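Below is one structure, written out as structure tokens, with a few remarks after it.
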Amino acid sequence: MSETATGENILPFYIVCDESGSMEGIGGIDAINSGLPELHSTIASDPLVSDKCRIGLISFSDIAEELLPLSRATDIPAMPGVQAKGVTNYGEAFTLLRYVIDRDIDALKSQGYQVFRPAVFFITDGEPTDDQSWEPTYRSLIDKSSNRRAPNVIAFGVNGANATTIGKIGTVGAFIASNGINPGNALKEILRSLTNSIVSSSSSSTPQLVVPAAPDGCTAVPLQTV
Amino acid sequence: MEEESRPDDSARSVTPLRIGGASSFGDNQWWSNRNWHQLVADGFGADVACDAGTVGELAISAVSIRGHKHRVDGLPNEDSFAIRTVKSKADEEFAILVLCDGLSSAKYSAYAARRTSSLVADMVRRVVSDDTFMWETLSSGLSQCLREFVAPELSSWPKPTTALDLPAYGAPPIESLSVQVSDLLVTLTIAIVPTSNGEKGASDVLLGTIGDSPAYVLLKSGEWLKPTYGEQDDGVLTTATAAFPKTTDIAITQIILYEGDCLCLMSDGVGNFIQNKSVPLRLGQHLAEVWKTPRDIPTLVRDVSFDLRSADDDRTVILCWTDREPIDAEITDEIEVP
């Protein structure tokens, strides 16, 4: 009996967050580190959401790190924080993301869960420092014909992020902070918007990704083909 | 003392059956100050609704439980069921089982489920008791009856005449003309079951559906059998995404129930956890074992109150056992020995 699947539904969410050195000066690190505990608290206190969604946190700069393995919100004692360092290497983030998604879905399925397509919230404050080399890695991550577990990606850009690049990364939604908006405040709004998206997506009896509206101070940008 | 004399006291526990890890609701009493189990402001919450009884050789019971999703928000159960019995002029007796699951996107789906299940059960009852009734033509006439009688009746209700006069079935206190069809969408499952098994211990059952609420036959052997309807496309029911009254075309199939089988109509709050691609899930395995024979009502409520993470939709089952009192070996001996 213990080997049999339960049919429990899981909607995995990954927050992929830029922690390059430039995030420090714009107040981005503080905004993220104060927003993540709020996100956690909101999700953990909602029984419908916390039972259905799992959250993982990946940071990237020179390298990418898995700061929080995919977890149920109520099992997370405290959200880890990000720390400013290095440059903005997108390729490292996408390589790690592909590995982590495969590993997590294998583990969840072996435990008998019915896993919905993962959703990724990608947050950055600048252009990639690995030039165009991130694009093939990204393409293999999101190509549903070669990667059955390709995630839906919602991209957010602030400060020095380029709208065209953000439009390439988002597969179902892409948003960029408007000129003149304080990047730290924009990031706070982005985290609120991201939290609302997780709550709305998980609240339905049949989970489905609800793409958020443009956060305050941000505008939607057209999605681009990579 | 009487309690202690019960043969299987553990089966009467009020602790919900736990499937997998405990859900957030699992360790939480409904009256706790977390407020995860709220009353419905204007009534008709249908938090737990039951019916049960016997007719002919059948034992029938139904349970509907408001899902966590609606309990948290203080909203009503959007599932509903109706059970009737009827005799034709030819003295054939039938049980009529109807289950509706309101679409969450429909504004008045809780009312629509209550009203539709009742209207459909009454309509079938009238058709079967009519002088001209013929079993052979019943299936072809159902869609027409749904279209000509049930759908118009659902979409209109009398305007309240006084401040305290509420329309029947908790209809929204508004002009019916302002209600759209999309406000009233429900799935619909109908079963018409002869109350006596045929000469060979088998009976023809008419099963009809609009939408994706699952129906199963739990075979005497303990296996789940999912009937198929009409035209199939790669095993997918073509009306799976349909809803009444937007469509009145009901997919019909006739199945044979053998003595010892149990017909199970379900809303997807339960049906989604019975099997996945024909492989039984953990809840399905458990229920296949315990629903082989009729269950007492408190135990059946416990069965449907299972604790499973992410199973937060309304849950409704109608179970129809064809052999309510199986003759065991000992009784057979008594009959055979002069």
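Read-outs throughout are calculated quantities, based only on the coordinates presented, and are distinct from any laboratory measurement. None of the values given here were measured: they were computed from a predicted structure. Cβ atoms come from the backbone with ideal geometry, glycine included; neighbour counts cover every protein chain shown.
Okay, here's what the table says:
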| quantity | calculated |
| --- | --- |
| Helices (runs of 4 or more DSSP H) fully within the stretch A:1-89 counting 1 or more residues that are within 14 Å of chain B (Cβ to nearest Cβ), under 16 Å from the mean Cα position of the chain (by Cα) and more than 20 Å from A:Ala155 (Cα to Cα) | A:28-44 |
| Some residue of the stretch B:70-80 being of a type in the set (Lys, Arg), within 14 Å of chain A (Cβ to nearest Cβ), out of contact with any strand residue (DSSP E or B) (no Cβ under 8 Å at 6 or more places or on another chain) and under 19 Å from B:Val301 (Cβ atoms) | yes |
| Some residue of the stretch A:86-96 being crowded, with 20+ Cβ neighbours inside 10 Å and farther than 26 Å from A:Asp131 by Cα | no |
| Output for the stretch A:138-176, where each listed residue is in contact with an Asp or Glu (Cβ under 7 Å, 6 or more places away or on another chain) and under 30 Å from A:Asp106 (Cα atoms) | A:Arg149, A:Ala150 |
| Residue selected from the stretch A:167-198 under the condition touching a residue at least 24 places away in the same chain (Cβ under 8 Å) and part of a loop (DSSP other than H, G, I, E, B), by the criterion surrounded by the most Cβ atoms within 10 Å (Cβ to Cβ) | A:Gly170 |
| Residue in the stretch B:307-316 that is nearest to the other protein chains (Cβ to nearest Cβ), counting only those that are assigned to a loop (DSSP other than H, G, I, E, B) and more than 15 Å from A:Gly112 (Cβ to Cβ) | B:Asp313 |
| Number of the condition not met by B:Arg324 [criteria: (1) part of a loop (DSSP other than H, G, I, E, B); (2) in contact with a helix residue (DSSP H, G or I) (Cβ under 9 Å, 6 or more places away or on another chain)] | (2) |
| B:Asn35 being assigned to a loop (DSSP other than H, G, I, E, B), buried (at least 24 other Cβ atoms within 10 Å of the Cβ) and within 14 Å of chain A (Cβ to nearest Cβ) | no |
| Hits in the stretch B:166-201 - residues which are small (Gly, Ala, Ser) and in a helix (DSSP H, G or I) | B:Ala168, B:Gly170, B:Ser176, B:Ser178, B:Ser182 |
| Residue selected from the stretch B:85-127 under the condition away from chain A (no Cβ under 14 Å) and hydroxyl-bearing (Ser, Thr, Tyr), by the criterion farthest from B:Thr209 (Cα to Cα) | B:Ser88 |
| Residue within the stretch B:56-67 that is within 13 Å of another protein chain (Cβ to nearest Cβ) and buried (at least 20 other Cβ atoms within 10 Å of the Cβ) present | yes |
| Helices (runs of 4 or more DSSP H) wholly inside the stretch B:87-165 containing at least 2 residues that are among the basic types (Lys, Arg) | B:109-129 |
| Looking only at the stretch B:204-229, and only at residues there that are in a strand (DSSP E or B) and touching an Asp or Glu at 6+ places or on another chain (Cβ under 9 Å), the one that is surrounded by the fewest Cβ atoms within 10 Å (Cβ to Cβ) | B:Leu225 |
| Qualifying positions in the stretch B:270-285 - farther than 22 Å from B:Leu99 by Cα and either part of a loop (DSSP other than H, G, I, E, B) or more than 8 Å from every other protein chain (Cβ to nearest Cβ) (or both) | B:Lys277, B:Ser278, B:Leu281 |
